[in-house]
Amino acid sequence: MSCFYGLEPIKITDLFSEISELLEKQGFDFLLVPLEIEGPLSQNNTHLKAREWTNLVSGKVTEIFADDSKENSKENSKENSNENSNENSNENSNENSKENSKENSNENQNENLKENQNENQNQNQNQNQNQNQNQNQNQNQKSIGNQNQMLEIQDQFIDIENKFYTEIHWAKYLGITSIFIPKPYFKSDENQRIMNANYSKMINHAINDFTGEIAIHIPITSMKETEISEYREYQAWNQIRQLCGYPTKLVIALELTHTKVPQNLIQKFMFEPVKYLILPTSIFAKNSDEEISLPLRTQGIIQQFMRKKSTMIIRENGETILENLENLAKANLEKLNLDENENSNENSNEKNKNENSNEKNQNQNQNQNQKQKPLPDPPSYFDNSYLTFLRTLYSCLPPLSEVEKMEESFQDNVQLPLQPLMENLDNQTYSLFEDDETKYLQYEEAVYEALKFLKSKNEDNPREFVIMVVGAGRGPLVQASLRASFRAACKAKLYAIEKNPQAVITLKKRNWEQNSKVTIVETDMRFWNAPEKADILVSELLGSFGDNELSPECLDGAQRFLREDGISIPSEYTSYIAPCTAVNFFGELKSYDKDSSFETQYIVKTSRFNQVADLQPCFKFTHPLPPEKIQKNNSHNWRNIVIQYQFLESEIIHGFCGYFDAKLFGDIYISTNPDSRTPGLFSWFPIFFPIKTPVFVDQNNPLVLNIWRTSRQSHVWYEWAVISPSQTQIHNPNGKFSWFGM
């Protein structure tokens, strides 16, 4: 779990080593420090110090706010910086002059000391600037810049736009990899769309010019449950991402401003790109044991975002933290004064050592007395009780199951569907499939029940049963069938048919159980002439959508060597499809900038799919088919269906997610359908059918999908289109962009 500590704007910059030590001691991963006088808008040279914040925490990723003026103009920013620098320099020079005048009676000596001190200060400033420039060359660390809060989108758009671009260019110059943008216009009035359109125009400029990540600050202020389209937070975000064209680098910094956040709004944001979750300390309270705590419901929300790998930001409110930082700055400045006095006195002594040896001794004694002066103990600048609470909350997350651990490595990885008939699978793919113990246990149970059925059916004439495993791969289905025959106490003869010559090598080297009969055949099942008929035909040819890896076409060719009363495992399978929102994935497809991006199906295990309507059955296939139904042109496997969906609230549809279930034998199933998913099954991830233009729907207007499965010669493909409430084009016409080769 990553955790930032955010502060209110401060005017102090000489805190580097102390804050670094505090962070390391208290366990924070990152620090967000908004600097009120730093950045190019201050129109002075102090912005060079902002570079030092990029390397504030040695060896750790550092998050900074490069500039965070609160609606201050350039003049105010400049005046504040000049006043602070003048005050500090005046205080230091006055204190030094007073101490020197008290302990030294020679006015000429005081003047020399001041001159030497000023010269050394100038040298130190030059050294600091050179050091800062060298630090800026290190671009390996990540940093966050916070756009100036005064850049709210108001009437003076041109002036604000220029300031915004200045900030973006400054962040780019500093090598900052992420920036925070102030919240958009939230008022529900006629100006909202205009203001947010201007806002989006500026963000588009940043997207095109800034290579890093852009986080939009979205504070949740709504407290009452209502229809999702009524929430101004979601309205603004939805409008901005559409105007910007769904860029992948645009993320959300979501802030929980209170603990009564509407549940349906939170659920909506769960499927949005929430990279940061901001937790102001004002939402925390103390329990009966005087410990920091949150309501259970809020704890659950935070844990959900932790599971989504959102970064937590603790934002401190109030004046206490600022007062502590000022104390720290004073202690730091006092250290600097001691060092400066030491340097100035040493230079003065060298200059006057031939003139007055007594004065030299007095100055050395003075330096020793100053060194012995104790510094104040630093107070507790950062309250790490919030961090401790969050780390405890994170440790209480339920552990991931073995399936979840496996799936986590594939999270949000986009893949094209396999082409097992055209391409031979590699060893790694076979290994991944074979790790799915649940699948093979279900297959074993299905073969076992099928053998029991055949055994009872042939009690009067016991015989050896023939089992053919088509598409045997490296042999896990063969092994499962052997175990089933031992359990059923049946004599069985097995054939393992596989076209991949590399997998056949593995099959031949396997040590099958003693007394088992396994015949390995290297050929394509569709063209094999079997020496005998099979009682049971076992296959593992299903894809993420059931039929998308051409199981129907393969089994049509293989059923030639199945007895008339033979059993096919699986015996039938059905695909299911539902509309979903998929902001991240839609943006990723747009970034490909190819015509084929939205004309192809994808296999993806994603946490960002939000299914927004009930799954509906799509295509169904059964095996074996009566021989008279099988057509040479494969038209018996063509499908077309029109599906209608109803919605409980307004949604924006980016595509359709697909699943399947398969009846192996009797009441034994495997299913990826979320409504009936087989526990522990992970061999198949959902399939996604994108649409080029997102479709807006509401509860009063159903969405109608038309989807086809068709073929020609050696190709099979899908086509799909939304025909209501608005109409899209037909995607992938005639299999122009994506198809499956037979």
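Read-outs: derived from the displayed coordinates by stated rules, not from any lab. Source: prediction; values computed, not measured. All Cβ positions, even for glycine, are placed from backbone atoms using ideal geometry, and neighbour counts span all protein chains on display.
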Taking the Cα atoms of the range 603-742, report the difference between the largest and smallest coordinate on each principal axis, in whole Å and largest first. 47, 38, 25
Filter the cross-link list Lys457/Lys493; Lys455/Lys508; Lys183/Lys249; Lys260/Lys309; Lys172/Lys249 down to pairs whose alpha-carbon distance in this structure exceeds 21 Å. Lys455/Lys508; Lys260/Lys309
Which links in Lys491/Lys533; Lys452/Lys491; Lys517/Lys663; Lys629/Lys736 stretch past 18 Å when you go from one Cα to the other? Lys517/Lys663; Lys629/Lys736
So, with points 7 Å from each Cα along the Cβ direction, the Asn427-Gln242 label distance in nm works out to 5.2
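Which length gain, in nm to one decimal place, applies between His258 and Lys309 when the Cα-Cα distance is subtracted from 0.36 nm times their residue separation? Intermediate values should be presented prior to the final figure.
Details: separation 51, 0.36 × 51 = 18.36 nm, distance 2.15 nm.
Length gained between His258 and Lys309: 16.2 nm.
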Nitroxide proxy distance, nm - points 7 Å out along Cα→Cβ at Glu437 and Arg463: 3.8
Rounded to the nearest 5, what % of DSSP beta bridges with both residues in the range 398-541 are antiparallel? 0
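GluC sites (Glu not before Pro), restricted to the range 591-652: which are DSSP loop and have at most 16 other Cβ atoms within 10 Å? Display every interim value, and only then the final one.
Numbers: sites: Glu599, Glu628, Glu649, Glu651; in loops: Glu599, Glu649.
Within the range 591-652, the qualifying GluC sites (Glu not before Pro) (loop, at most 16 other Cβ atoms within 10 Å) are Glu649.
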Suppose a student asked you for the relative contact order of the range 660-738, using Cα pairs under 8 Å spaced at least 6 residues apart; what percent would you report? 18
Interchain or long-range residues, amide H under 5 Å from Tyr669's placed H: Leu664
Given the Cα-Cα distance of Ile194 and Ile505 and 0.36 nm per residue of separation, how much length would full extension add, in nm? 105.3 nm
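Largest first and in whole Å, give the semi-axes of the range 537-689's equivalent ellipsoid, each being the square root of 5 times a Cα gyration tensor eigenvalue.
Working: eigenvalues 194, 61, 41 Å².
They are 31, 17, 14 Å, listed from largest to smallest.
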At 7 Å along the Cα-to-beta-carbon direction for both Lys491 and Glu572, put a label point, then send me their distance in nm to one decimal. 3.5
